[in-house]
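Below is one structure, written out as structure tokens; comments come after it.
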Amino acid sequence: MMCEAELSSSSLPATGITIAPMLNLRTAIALCICLVLAACASAPKSTMRSVRPPILSADQSRDAAIHAMGLVGTPYRYGGNTVDGGFDCSGLIAYVYRESAGLATPRTVSQLAGFGDAIPRDDLRTGDLVVFGGGRPTHAGIYVGENRFVHAPSTGGEVRLDRLDGAYWSRQKLDVRRP
């Protein structure tokens with residue numbers, strides 16, 4: 001029969017397994033578990049924001065504004081997106097940016113409300129999108145400078161130039177997007 005001192009230092013009775021290799025096995029298993037858990041952990045979120053340059057240059061934005069002003073007087077047509085067929089507000093925007101800058105824009109006002117970068121109203125620049133309605137966007141146009149924008153307002157109307165500080169538009173919730 002083995003004494004207690006021999007059991008703790010050499011082998012387990014009736015198994016033939018020595019304790020030293022068993023400790024190495026336990027250590028190896030624990031190490032594997034730690035490695036698996038570490039691999040599943042996520043990296044901390046970076047506090048640095050990546051800054052993306054605007055899609056359009058200042059020159060392209062200015063060209064878009066000039067192109068939009070050239071369309072004033074074109075008839076309004078729901079779903080329209082051509083000079084010959086007329087424009088609705090999002091069709092006007094899609095046409096202007098496609099023709100002046102080769103940029104494809106979303107085709108609905110709701111999608112335009114998330115297009116490009118959100119810009120504070122104080123930083124408006126020529127060629128920015130002005131989107132009205134806040135959480136439920138209802139209308140959009142292209143800012144052309146001097147507190148004015150070009151848009152296709154409604155059935156029976158025409159593409160026109162209006163002021164953001166006018167009686168109606170100054171009371172509307174406004175978001176600015178820079179493509």
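Coordinate-derived values only; no laboratory data. Everything numeric in this text was worked out from a predicted model, so none of it was measured.
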Review point. Which residues' amide hydrogens lie under 5 Å from the amide hydrogen of ALA140, considering only partners 5 or more residues apart or on another chain, with H built in the peptide plane?
Key: PHE132
Practice item. Over region 58-178, calculate the relative contact order: mean separation of alpha carbon pairs under 8 Å at least 6 apart, over the residue count, as a percent. Key: 29 percent
Check your understanding: Per-residue HN-Hα couplings for region 94-101, Karplus 6.51 cos²θ - 1.76 cosθ + 1.60 at θ = phi - 60°, whole Hz, x for Gly and Pro?
Key -> 4, 5, 4, 5, 5, 6, 8, 9
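Give the shape of region 60-179 as rounded, prolate or oblate, defined through the alpha-carbon gyration tensor: a ≥ b ≥ c are the square roots of its eigenvalues, a/c under 1.5 means rounded, and otherwise the shape is prolate if a/b is larger than b/c and oblate if not.
Working: a/c = 1.32, a/b = 1.18, b/c = 1.13.
The shape class here is rounded.
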Study note, to complete from the structure: Residue-ordered couplings for region 147-157, obtained by feeding phi - 60° into the Karplus form 6.51 cos²θ - 1.76 cosθ + 1.60 and rounding to whole Hz (Gly and Pro as x), are 6, 10, 9, 9, 7, 10, x, 6, 3, x, x
